[in-house]
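The values are calculated or read from the model by the stated rules, or taken from the named source; none is laboratory data. Owing to the predicted nature of the structure, the values given are computational and were not obtained by experimental measurement. Methodologically, a virtual Cβ is constructed for each residue, glycine included, from the backbone with ideal geometry; neighbour enumeration extends over all protein chains shown. To get the accessible areas, we keep the full protein, side chains included, count just its heavy atoms, and leave off ligands, DNA and RNA. Shrake-Rupley method; radii C 1.70, N 1.55, O 1.52, S 1.80 Å.
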Amino acid sequence: MPRGRLADSFAGSMKLWSLYFIPTLKESPADAEIASHKLLVRAGLVRKLGGGLYTYLPLGLRVMQKLSQICREELDAAGAIELWMPHLHPAENWQQGPRWPAAREIMFRADHAGDGKRAGREPEFVLGPTHEEVITPLIKAEITSYRDLPKNFYQIATKFRNEIRPRYGLMRAREFVMMDAYSFDVDDAHAIASYQKMKAAYVSFFRRIGAHAIAVEADTGVMGGSFSHEFMVPAEVGDDDVIYCEASGYAANREKATSALVPADLVDAAPEGALEDLATPGVVTIAALEAAPYSVPATAQFKTLVFMGDGKPFLVILRGCDELEEAKLGSLGFTLFRPATPDEIEPVMGAKPGSLGAVRGTIKNPSALAGVFADQAIRLIGNGTTGANRDGVHLRHVNVTRDLAITQFGDFRRVRPGEPCPLSGQPLLVRRGIEVGHIFKLGTKYSERYGAVYTDDQKQSHPMVMGCYGIGIGRTLQAIIEQSHDADGIVWPWAVAPFQLLICVLDPQLPEAMDLAKQLAAAAEGAGADVLIDDRAERPGVKFKDADLIGVPLRVTIGGKGLKEGIIELKRRSAKDVVKVPLAEAGAQLAAAVRAAAGSTQAPA
RNA sequence: CGGGGUGUAGCUUAGCCUGGUAGAGCGCCUGGUUUGGGACCAGGAGGUCGCAGGUUCGAAUCCUGUCGCCCCGACCA
C-alpha cells in the first residue's frame, strides 16, 4: 500500500527541507572530473540530461535566479533595457549576416521535421547562439533618429551552441543561460562610453556576487570588432591562459597577449654575407636543423607557414623558436582562414613543408600569394637560415630587410611567460582562468550589413556603432563554486547562496524545537535572509554533512542538548568556531548576524 | 573531427584477461535498537550486464558494428 504524506499546512517563504527537494549525493558521479562539477551534482543543484544539457534543480535554480537578479540590477543601473527575443531564429537572418560562414557549424538547425523534404537543404530555422542577427534588424526597423540613441538592450536567456566538446558540467554546455546585451550609439566616442559603462557594470556585478573576476584584454574572434575585454575567474581548470604583470596591471588573454620582446628602438641588422645554399637532405623540422651537423639555433631560423585565407594562400613568417598564435591572424582581414595542405603548398612554393622560405625569387609562384606576413620578432634575427623552396635545401646568411619579401609586419607569435611586459618591462606571468564574461566594441560590422542607420541633425545618414556584451550565468555559478569550496562542500558567497540561513533542527519531533525554528526563521527573514529549515528525521551527522555540502553561509543548530542549556548554536560555513547564543537573545543576534553578512558581500581582494 | 578511455541496480563499483547466465557498498522499503559530524542488527525489493549482429552446447566475459558518456586538442559565455 503506497503511503504518501499529507501536505504540511506550514506556509511562508521559508522552506522546510522535508517538503523541498535537495537530492544530495554521498559519492561523486563518475562523469564529473573537477571539484565544481562534482559539487554541482552532489549538492543537488543540477542533474545531467545529456552531454552539455542540464536540469537546474530547485537549489541550482535559486542561485541562477539570484545571479540573474543582481545582473539585472547592475545593467538597469547602467541604463540598459531588458527585453526578450526568440530562441528560434529564421535561418535567413543569419544567412544575411556577416558571420554565417563561420558561425553555422556551431548552430543547431531546427527544421520543421514533418515530411523530411528539407533533408540536405539549408536549414529553415536555427537555435540562437547569440542575438546580433535578431536585434540589429529590429533596431534598423525601430530606430532611425539620433534622438533615440544611445540604446542598450539586454536579455537573460537560453543560448544554444553545438559545442564541439561540451565539458565540465555547466562550464561549457550546449544549452546554457547567458545575459547578452547590445548597445547602439551614434559614433565611436559614444560607443566607447557605452562600452566603459558596461565594463563598470560588469565589475560591480562580479564584485556583488562574490566572484573575483578580472578584466583582461581579449581577442575579438569571430565576433569581429575593434576591441574587447574578457572577465576571467582565475582557476586551474579554466580554458584560457591569462598573461599578466603585477607591476603594471597588464592582463590579456593568451590569444591577444603581447610582449616587449622586440625593443621599440631596434635597429635592423645589416647582412653578414651573401646567401648560400645549405644542403639539408631529409631535414624538415626546426629541431632537426638545430641538431648537429647543422647546429642552427631555432632563434636564428625562419619558420614559414602557409595558410589559406578566403581561398588564397598566404605566408606567415616566425622565428623558429616561436609558436604561431593563430587567433592573431584574425587581424589580417580574412573571413575564413586555415592551414594549407601539402597539396596546396607545393604548387605555390615549389617545395614541401620543411623546406619553405620567403626569400625573394625562391618562391615558385609568388603572384598566387595573398601576402607575406611576418612576425616582428624575426627582426631580431640578424643572420638567419630558412628553407630554399627546394626540397632538402636551406639558405643561410638570410637577412630580413635584404632578402625577405614581406607584405606586412605584425604580432603573430604566442607570448611566453617571462618575456617583458609591454607596459612595465617586468617578466610576464601566466595563469589559467575561466571566461565568465566578455565585452566587445563591435563597430559597424552588423549595422552596415543589416542597414541599421540613423539620421543625424544634419540630415546625414550613418550606421550605428554597436557593442555587445555577454555573461555566462551558469558558467559563473560554477566558477563561484570552483573558487569557493572546501573538502566538505560549497561555501556560497552570501549574495548568491540558494539559502543564506539553514536552521538545523536535530529533534524535529519536539514541537518546541520546531516552534523555535520557525520563530528564528521569521526573525532572520525579517532581516533579509532566505531561510531553509532542516526538519528531516535524520541523524545529526547526516544533517551537518548535508549542511556543509550545500554550503549555506549561516547555520543555526537547535538541539536537545542546547535547549536544556538554554542556547542555540550559530556557525558560519566559512569558519570553524561555533557561537552559543542564549535563547532570549537568539532572534535578535540572528537578525544582527544576517544584517552583518548581507552588508559585507564584497569579494575578498 | 582526430587521439585516449569507459558503459554492469537510482549512485559508486567488483566480475571481463583465463566463457558456465551477476556480487558488494551507498541509497530505498519493513521491523527493531540507536540519536551532536554521513549509526547498528535482521529481513526485503531492485539488473534485457548500452544496443545490434556474430562465434560457441553456453557470452557481462571473445569478435564485428553501432550508440552514449568522460578525458586531451581546435571553438566559446
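A few points about this structure:
Per-residue answers, yes or no, for (1) among the hydrophobic types (A, V, I, L, M, F, W, C); (2) touching an Asp or Glu at 6+ places or on another chain (Cβ under 6 Å); (3) within 24 Å of A:THR299 (Cα to Cα):
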site: A:PRO353; (1), (2), (3): no, no, yes
site: A:GLY371; (1), (2), (3): no, no, yes
site: A:GLY384; (1), (2), (3): no, no, yes
site: A:ARG396; (1), (2), (3): no, yes, yes
site: A:ASN399; (1), (2), (3): no, no, yes
site: A:GLU419; (1), (2), (3): no, no, yes
site: A:GLN458; (1), (2), (3): no, no, no
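- Of the criteria (1) among the aromatic types (Phe, Trp, Tyr); (2) more than 11 Å from RNA strand B (Cβ to nearest atom); (3) modelled with pLDDT of 90 or more, which one A:PHE227 fails: (3)
- A:ALA200 under 18 Å from A:GLU132 (Cβ atoms), away from RNA strand B (no atom under 15 Å from the Cβ), at pLDDT 95 or above and assigned to a helix (DSSP H, G or I): no
- Filtering A:LEU356, A:LEU289, A:LEU315, A:LEU305 for residues that are surrounded by 17 or more Cβ atoms within 10 Å (Cβ to Cβ) and part of a helix (DSSP H, G or I) leaves a single hit, A:LEU289.
- Annotation note: of A:GLY437, A:GLY470, the sole residue that is in a strand (DSSP E or B), out of contact with any helix residue (DSSP H, G or I) (no Cβ under 8 Å at 6 or more places or on another chain), within 30 Å of A:LEU149 (Cα to Cα) and within 16 Å of RNA strand B (Cβ to nearest atom) is A:GLY470.
- Pairs, first among the polar types (S, T, N, Q) in the stretch A:5-31, second in a loop (DSSP other than H, G, I, E, B) and modelled with pLDDT of 95 or more, C-beta under 7 Å, six or more apart: A:SER18/A:ASP535; A:SER18/A:ARG536; A:THR24/A:ALA43; A:THR24/A:GLY44
- Counting only helices (runs of 4 or more DSSP H) that sit wholly inside the stretch A:37-108, those with at least 2 residues that are free of Cβ contacts under 8 Å to residues at least 60 places away in the same chain and closer than 30 Å to A:GLY451 by Cβ are A:91-95.
- Candidate set from the stretch A:160-189 (those that are of a type in the set (Asp, Glu) and farther than 24 Å from A:GLY44 by Cα); member that is farthest from RNA strand B (Cβ to nearest atom): A:ASP187
- Per the listing A:ARG402, A:ARG432, the residue uniquely open to solvent by 10 Å² or more (accessible area, probe 1.4 Å), assigned to a strand (DSSP E or B) and closer than 30 Å to A:PHE373 by Cβ is A:ARG432.
- Any hit, the stretch A:539-552, residues being of a type in the set (Asp, Glu), in contact with a strand residue (DSSP E or B) (Cβ under 9 Å, 6 or more places away or on another chain) and modelled with pLDDT of 95 or more: yes
- Verdict on A:LYS571 being open to solvent by less than 30 Å² (accessible area, probe 1.4 Å) and either among the basic types (Lys, Arg) or under 19 Å from A:ILE209 (Cα atoms) (or both): no
- Residue match in the stretch A:495-508 (condition: open to solvent by 20 Å² or more (accessible area, probe 1.4 Å), more than 16 Å from RNA strand B (Cβ to nearest atom) and outside any helix (DSSP H, G or I)): no
- Considering the conditions (1) open to solvent by 20 Å² or more (accessible area, probe 1.4 Å); (2) more than 16 Å from RNA strand B (Cβ to nearest atom); (3) part of a loop (DSSP other than H, G, I, E, B), A:PRO123 is excluded by exactly one of them, (1).
- In the set (1) open to solvent by 10 Å² or more (accessible area, probe 1.4 Å); (2) near RNA strand B (Cβ under 10 Å from one of its atoms); (3) more than 19 Å from A:ALA497 (Cβ to Cβ); (4) touching a helix residue (DSSP H, G or I) at 6+ places or on another chain (Cβ under 8 Å), the condition left unmet by A:LEU49 is number (4).
- Test: residue in the stretch A:512-522 that is closer than 18 Å to A:TYR20 by Cα, of a type outside the set (A, V, I, L, M) and not in a helix (DSSP H, G or I): no
- Verdict on A:LEU332 being out of contact with any Lys or Arg (no Cβ under 9 Å at 6 or more places or on another chain), open to solvent by less than 40 Å² (accessible area, probe 1.4 Å) and within 16 Å of RNA strand B (Cβ to nearest atom): yes
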